[in-house]
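First up is the structure itself, then whatever we jot down about it.
Bear in mind that the values in this text are calculations on the coordinates, not laboratory data. Please read these numbers as outputs of a predicted model, since none were measured by experiment. Ideal geometry is used to build each Cβ from the backbone, glycine not excepted, and the neighbour counts take in all protein chains shown.
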Amino acid sequence: MRTKLAAGNWKMNGLKAALSELGEMAAAASGPAEVLICPPVTLVAAAADAAEGLAIGGQDCHAKASGAHTGDVSAAMLADAGAEYVILGHSERRTDHDEHDEDVRAKCEAAWDAGLKVVLCVGESLEEREASNTLDIIGGQLAKSIPDGATGHNLVVAYEPIWAIGTGKVPTTDQIGEVHDFMRARLEKRFGEGVGRSVRLLYGGSVKPSNAGEIFAVSNVDGALVGGASLKAADFVPIIEALN
Ligand code: PEP
């Protein structure tokens, strides 16, 4: 049985005052689903101290363990600050920082070396979907950005269609199900049935309280990676509850 996961990606949002949202989120995390919050790096240590019952994660890490990389953060630093997870390969990183699958793979190895669990994001653009290339794109991203050595413990995959992130547009449940079933099959083929079946698959892109229930009912959807609706407990708690 895969433990359901409600993951919040705060992106570049949140000053210290935002930590006050974590109390209610932590209270909602007493159910069977795991709850993860990935605040900006400035808040990781404080969030880890403040929020018993919530898992805390970073939003990116460098592929190297240390060195002359001004402004970057290593996986070991995130772990040292209390993070348990790190998001890698988010489409905003791929676009804003020109990250490619090879970079994501190297970062994933670094994260695993530091003992972090990885939420690895894949997703197609609108053009790619309209050209009926979605499954090819997702298959390529899975093959190239996940290193050997994945397990149900160290890897979570998030399917985030780029055109659905922050736009209010959501794929149909059939479209989500098609991609999630495909990802499950690809993971089983590459890593074996045991591992392939144990990796959790999240959907991400404009998830909100009003659509969470129907998305969570789709086959092979084990939870959600949530951006905007994870910033406030009033929005995120009902999403956690829809998963429980
Ligand atoms: C995200 O960026 O991971 C995301 C899913 O954002 P939103 O929920 O705001 O669409």
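Could you derive backbone 3J(HN,Hα) for segment 86-97 from the dihedral phi with the Karplus parameters 6.51, -1.76 and 1.60 (θ = phi - 60°), listing whole Hz in sequence and x where the residue is Gly or Pro?
9, 7, 10, x, 4, 4, 5, 6, 4, 7, 5, 10
For the chain, which DSSP H helices look membrane-span-like by this rule: Cα extent along the axis of 24 Å or more and mean Kyte-Doolittle of at least -1.0?
Qualifying helices, which must be both long enough and hydrophobic enough, are 173-191.
How about residue 11: which aspartates and glutamates have a C-alpha closer than 13 Å to its C-alpha, ignoring those fewer than 8 places off in the same chain?
Reachable aspartates and glutamates: 60, 92, 96.
Structure shown: which of 64/117; 107/232; 16/169; 169/208 lie over 21 Å apart, alpha-carbon to alpha-carbon?
107/232; 16/169
Could you check the spin-label model distance between residue 148 and residue 42? Points 7 Å from the Cα along Cα→Cβ, value in nm.
Inter-label distance under the simple model: 4.3 nm.
Let's test the formula: R0 of 51 Å, r as the Cβ-Cβ distance of residue 219 and residue 16. What FRET efficiency results, to the nearest 0.05?
0.80
How large is the convex hull of the C-alpha atoms of segment 27-230 per residue, in Å³?
About 119 Å³ per residue, rounded to a whole number.
Please compute the length gained on full extension between residue 193 and residue 65, using 0.36 nm multiplied by the number of residues separating them and subtracting their Cα-Cα distance.
Here the answer is 42.9 nm.
Collect residues whose amide H, placed 1.01 Å from N in the peptide plane, falls under 5 Å from the amide H of residue 8; neighbours closer than 5 in sequence don't count.
Sorted by chain and number, the residues that satisfy this are 36, 37, 38, 226.
Between segment 1-42 and segment 190-244, what is the separation of their alpha carbon centroids in Å?
13 Å
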